[in-house]
Amino acid sequence: MEVVTKIAPIILALIMLGLGLGLKLEDFTRVFKTPKDFFIGLISQLIILPIVAYILILVLRTPPEIAIGVMIIAAAPGGVTSNILTRFANGDVALSISLTAIISLISIVTVPLIIFTSAEVFGITNISQNISMTGIALKMFLVVTVPVFLGMIVRKFAENFVASKVEMFNKLNMVFFAIFFVAAFYEERDNLINFIAQAGLIALILNLTMMAIAYYLAKTFASGIKQQKCIALECGLQNGTLAIFVSTQIFGTDILYAIPTGAYGFIMYVTGFIFVYFLKNKS
């Protein structure tokens, strides 16, 4: 995991910079115009997703090391990928962008809180003495929040140029994400089958269960089908790069804690594209 550990902060910062370049102030204020849809997505991702993950861990009797990895991916916010697939699915892209942006900023508090609480519950004791909840929050602030705001500032002063290149930035984010996971899988290629065997089942069940819960919750309470698609994808497509960054910051190069993230990262693309295929023309 040496290469992954070194490139994770760089790739994550570039991805968040790209996210910031695609954001405007209205992406944050929009939530006041349609608060119901936003809060359904927020609650689904920040509260229901970690609870579902914890229940699955108990039901499947997941080993502690894999369990904490599952909680790391469950605590991660949605990624830029969710915005792109929401567009492919003819979902509410504006809502998707707002959810990704705001939850990503909130994550500097929620991610350390969920992970350190989970570690205590599962009896994980090999967290470095030099690592604290505040320390992880500060590192996340530097590689998540700062690049987002830098991107927004650049867009503010170069609106015409940046606005015309938003699609390119989105594609670059996908490329950065792909490079990161190819590097991660290549470095650990000898263990890939073992990864899927150990964490694939719970990652698959978590992904499918959460997308289904979010979809039907949104069907009951959200404005319409576009919002249903968006919220389901936001809850199914997590920021795997951030999850691996946090994992390596807390547990160093111990690959065991990152196994669920790798498994989930692979599975979510497959299920996400299948979801888009079946619901693209549903209106």
Residues being loosely packed, with under 14 Cβ neighbours inside 10 Å and at pLDDT 80 or above: count how many of those fall in segment 122-137.
2
Would you be able to say whether some residue in segment 19-35 is out of contact with any Lys or Arg (no Cβ under 7 Å at 6 or more places or on another chain), in a helix (DSSP H, G or I), closer than 14 Å to PHE245 by Cβ and hydroxyl-bearing (Ser, Thr, Tyr)?
no
Verdict on THR62 being among the polar types (S, T, N, Q), in contact with a helix residue (DSSP H, G or I) (Cβ under 9 Å, 6 or more places away or on another chain) and more than 17 Å from GLY91 (Cα to Cα)
yes
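One line per residue, one yes/no per condition, for (1) among the charged types (D, E, K, R); (2) in contact (Cβ under 8 Å) with a residue 12 or more places away in the chain:
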| site | (1), (2) |
| --- | --- |
| LEU14 | no, yes |
| GLY18 | no, yes |
| GLY22 | no, yes |
| THR29 | no, no |
| LYS33 | yes, no |
| ALA53 | no, yes |
| PRO64 | no, yes |
Modelled with pLDDT of 85 or more, surrounded by fewer than 17 Cβ atoms within 10 Å (Cβ to Cβ) and farther than 20 Å from SER107 by Cβ - does that describe any residue in segment 181-201?
yes
Which residues, taken from segment 212-259, are touching a strand residue (DSSP E or B) at 6+ places or on another chain (Cβ under 7 Å) and outside any helix (DSSP H, G or I)?
LEU237, GLN238, ASN239
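Here is a list: ILE40, ILE114. Which entry is closer than 22 Å to GLY265 by Cα, modelled with pLDDT of 90 or more and aliphatic (A, V, I, L, M)? Step through it out loud before you land on a result.
Values: ILE40 fails: closer than 22 Å to GLY265 by Cα.
ILE114 is the lone residue from the list that is closer than 22 Å to GLY265 by Cα, modelled with pLDDT of 90 or more and aliphatic (A, V, I, L, M).
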At pLDDT below 80, over 23 Å from PHE251 (Cβ atoms) and surrounded by fewer than 17 Cβ atoms within 10 Å (Cβ to Cβ) - does that describe any residue in segment 143-159?
yes
Cβ pairs under 6 Å, 6+ apart, first in segment 257-279 and surrounded by fewer than 20 Cβ atoms within 10 Å (Cβ to Cβ), second in a helix (DSSP H, G or I) and of a type outside the set (A, V, I, L, M, F, W, C)
THR271/ASN207; LEU279/LYS229
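Yes or no: segment 34-55 includes at least one residue that is of a type in the set (Asp, Glu) and over 29 Å from ALA258 (Cα atoms). Write out each step before concluding.
Step one: list which residues in segment 34-55 are of a type in the set (Asp, Glu), which gives 37.
Next, from what is left, pick out any that are over 29 Å from ALA258 (Cα atoms): 37.
Taking every residue of segment 34-55 in turn, at least one turns out to be of a type in the set (Asp, Glu) and over 29 Å from ALA258 (Cα atoms).
The values are calculated or read from the model by the stated rules, or taken from the named source; none is laboratory data. Quick caveat, the model's predicted, so the values are computed rather than measured. Using ideal geometry, Cβ is built from the backbone for each residue, glycine included, and neighbour counts are taken over all protein chains shown.
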